Amino acid sequence: MKPNKVDHICIAVKSIVEARKVWEPVFGKSRPDDEYIDESEKIKVARYWVGEVGFELMESTTIDGDVAKFIEKRGEGVMLISFNVDNTREAMAELQQKEYPFIGDIRLFRDSEFAFVHPKKMNGVLLELIDNKEK
């Protein structure tokens with residue numbers, strides 16, 4: 001497997017409204033480049049492009065969502081790093097052959113597929129592989 005680039009970095013936050021006040025002056029932006037709610041992942045996202053890398057503020061939409069659980073356990077902060085790959089399924093299969101554990105199976109986002117490598121293998125970092133063609 002060879003990643004093409006860092007696709008995006010996600011910060012788990014309690015409140016996107018409050019986090020935007022902190023991060024937007026740093027980015028020199030007055031609003032996100034993309035905002036969305038992903039019901040299946042139970043998240044509300046504010047995405048900013050920093051060069052070709054997405055920087056996401058993620059807020060849980062439910063008390064039992066993964067972002068809420070992360071914040072409860074570790075507090076706000078970096079939750080995941082995502083690598084852009086040509087084909088998520090092929091990258092996942094290659095890493096599984098090398099005994100990398102995944103959390104669940106392939107998931108869908110817009111016109112992309114993504115998967116998560118378990119953080120216990122990645123020095124405590126949740127690693128996402130995504131074949132996102134945006135930007």
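Here are some notes:
- For residue 102, the residues 5 or more places off, or on other chains, whose built amide H falls under 5 Å of its own are 118.
- Here each label is just a point 7 Å from Cα along the line to Cβ, and for residue 35 and residue 61 those points are 1.4 nm apart.
- Mean ellipticity per residue at 222 nm, deg cm²/dmol - from DSSP H runs of n ≥ 4 across the chain, formula -39500 (n - 2.57): -7000 deg cm²/dmol
- 3J(HN,Hα) along segment 21-36, derived from phi through the Karplus expression 6.51 cos²θ - 1.76 cosθ + 1.60 where θ = phi - 60°, amounts to 4, 7, 8, 4, x, 5, 7, x, 10, 9, 7, x, 6, 8, 10, 7 Hz, with x in place of Gly and Pro.
- Label point distance in nm, residue 96-residue 123, each placed 7 Å from Cα along Cα→Cβ: 2.7 nm
- Segment 68-135 and segment 1-33: distance between their alpha carbon centers, rounded to Å: 17 Å
- Looking at segment 5-130, the DSSP beta bridges with both ends there are about 75 percent antiparallel.
We did not get these values from a lab; they are worked out from the coordinates using the rules stated. Fair warning: this is a prediction, and the values are worked out from it, not measured in the lab. All Cβ positions, even for glycine, are placed from backbone atoms using ideal geometry, and neighbour counts span all protein chains on display.
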